[in-house]
1. Select from region 118-130 the residues that are part of a loop (DSSP other than H, G, I, E, B), hydrophobic (A, V, I, L, M, F, W, C) and either surrounded by fewer than 17 Cβ atoms within 10 Å (Cβ to Cβ) or touching an Asp or Glu at 6+ places or on another chain (Cβ under 6 Å) (or both) and list them in ascending order.
2. Return yes or no: is Thr135 at pLDDT 95 or above, farther than 27 Å from Leu253 by Cβ, open to solvent by 60 Å² or more (accessible area, probe 1.4 Å) and of a type in the set (S, T, N, Q)?
3. With respect to Leu56, determine if the residue is in contact with an Asp or Glu (Cβ under 9 Å, 6 or more places away or on another chain), assigned to a helix (DSSP H, G or I) and not charged (D, E, K, R).
4. Could you check Val342 against (1) in a strand (DSSP E or B); (2) modelled with pLDDT of 95 or more; (3) in contact with a Phe, Trp or Tyr (Cβ under 6 Å, 6 or more places away or on another chain) and say which number it fails?
5. Could you list, ordered by first residue, the pairs with Cβ atoms under 7 Å in which the first is in region 289-312 and open to solvent by 80 Å² or more (accessible area, probe 1.4 Å) and the second is assigned to a strand (DSSP E or B), at least 6 apart or interchain?
6. Identify the residue in region 255-282 that is assigned to a helix (DSSP H, G or I) and either open to solvent by less than 40 Å² (accessible area, probe 1.4 Å) or of a type in the set (Val, Ile, Thr) (or both) and, among all such residues, is farthest from Trp210 (Cα to Cα).
7. Which of (1) under 18 Å from the mean Cα position of the chain (by Cα); (2) under 20 Å from Ile195 (Cα atoms); (3) of a type outside the set (A, V, I, L, M, F, W, C); (4) open to solvent by less than 40 Å² (accessible area, probe 1.4 Å) is the odd one out, the single condition Arg101 does not satisfy?
8. Check Cys141 against each of (1) over 23 Å from His273 (Cβ atoms); (2) surrounded by 20 or more Cβ atoms within 10 Å (Cβ to Cβ) and name the one condition it does not meet.
Amino acid sequence: MGEPKFLNRYFKVEKDELPARFRIIKNIPVDFDSSASVDDLWKIHDREIGKYRELLESIDSNEKNIELAEASPSLLDLKIEIAARILENCHMCERRCGVNRREGEKGFCRLLETSRYASEFLHMGEEPELVPSHTIFFTGCVFACVYCQNWDISTRPESGNEADPEILARIIRKRRYEGARNVNFVTPTPHAHSILKIIDRVNVNTPMVWNSNMYHSKEVAKLLEGVIDVYLADFKYGDDNCARKYSKVKDYLDVVKRNHEIAYQKAEIIVRHLVLPNHLECCTKPIVEWIVNHIPEVRFNLMFQYMPYYRASKYPEIDRHLISDEKRRAIEIVEESGLEDVLI
């Protein structure tokens with residue numbers, strides 16, 4: 001298939017024609033005191049991010065992978081310090097539990113400071129423009145989806161391997177040489193602090209993909225600017241009632257719409273929508289309409305892979321596969337919307 005016109009920068013990074021965003025952010029020197037208040041650290045961050053934007057614009061306008069010298073400390077180091085502070089009053093996601101994960105307190109996700117991952121490998125099952133994708137599946141989740149296909153990972157945050165930044169950075173380098181087109185962080189939100197540390201240690205030019213339910217906090221959204229190249233963004237529900245019922249999450253639409261818009265402005269984005277049985281009019285249709293009106297130039301993946309996994313049997317309306325009429329209706333909704341770059 002041809003390369004989608006809405007992922008131009010991603011393809012140039014993947015081909016080593018442009019630097020990944022994290023390499024640019026590591027080039028920005030920042031002087032900060034790690035003992036300063038988090039408010040003061042944010043002020044420095046918000047001031048210095050302008051330098052990154054200027055350098056990014058200069059590099060992209062010249063379309064050249066220029067030589068970059070890493071600064072120490074850098075703007076990425078500052079982001080890492082702020083992320084560590086967020087852990088002390090955890091608001092990685094918009095549940096905003098406020099627990100001190102560094103002191104052993106657990107919030108909704110039940111994760112502590114040390115991140116863990118269940119597996120990492122070259123994934124051939126992602127969108128065509130991403131494969132082979134070096135996927136790293138982190139444990140735990142900030143959602144509680146009753147139909148989760150990865151429930152054995154999402155409900156067991158203590159499982160898997162410790163996500164040591166040095167070790168994973170070496171693995172990322174190895175996978176890149178084996179043909180990985182990107183690094184794909186799956187279920188990343190509660191692990192943002194660890195992912196920033198991992199990226200800081202990566203010494204190969206490769207696109208960074210944030211594979212997410214997009215329920216991260218507004219603070220994490222700011223930290224991801226200059227670090228993430230592509231958001232592989234789930235848009236699950238078009239109705240807050242559905243989000244509460246099936247994923248036990250509140251204010252879903254306000255949060256994910258905001259984060260989709262930020263991703264659209266600050267990076268590149270592939271939007272995924274998993275079609276649920278009996279949810280064409282309440283979810284699929286309003287999601288597609290919102291995308292057309294707010295973030296129209298995206299790669300959109302309409303997904304029919306729904307299976308009644310985990311606890312779906314407790315919800316009769318979704319305890320089955322999609323039927324042909326539902327698939328046809330979903331395609332009809334997308335075709336009538338005018339979305340241009342659609343994978344079905």
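1. Filtering region 118-130 for residues part of a loop (DSSP other than H, G, I, E, B) gives 124-130.
Okay, now just the ones that are also hydrophobic (A, V, I, L, M, F, W, C), so 124, 130.
The one that is part of a loop (DSSP other than H, G, I, E, B), hydrophobic (A, V, I, L, M, F, W, C) and either surrounded by fewer than 17 Cβ atoms within 10 Å (Cβ to Cβ) or touching an Asp or Glu at 6+ places or on another chain (Cβ under 6 Å) (or both): Met124.
2. In short, no.
3. no
4. All conditions are met except number (2).
5. So the pair list comes out as Gln305/Leu274.
6. Out of the qualifying residues, it is Leu280.
7. So the condition that Arg101 fails would be (1).
8. Condition (1) is where Cys141 drops out.
The values are calculated or read from the model by the stated rules, or taken from the named source; none is laboratory data. These numbers come from a predicted model, not from an experiment. Counting neighbours? That spans all protein chains shown, and the Cβs are built from the backbone with ideal geometry, glycine included. Ligands, DNA and RNA are stripped out before the accessible areas are found, and what is left, the full protein with its side chains, is counted by its heavy atoms. Shrake-Rupley method; radii C 1.70, N 1.55, O 1.52, S 1.80 Å.
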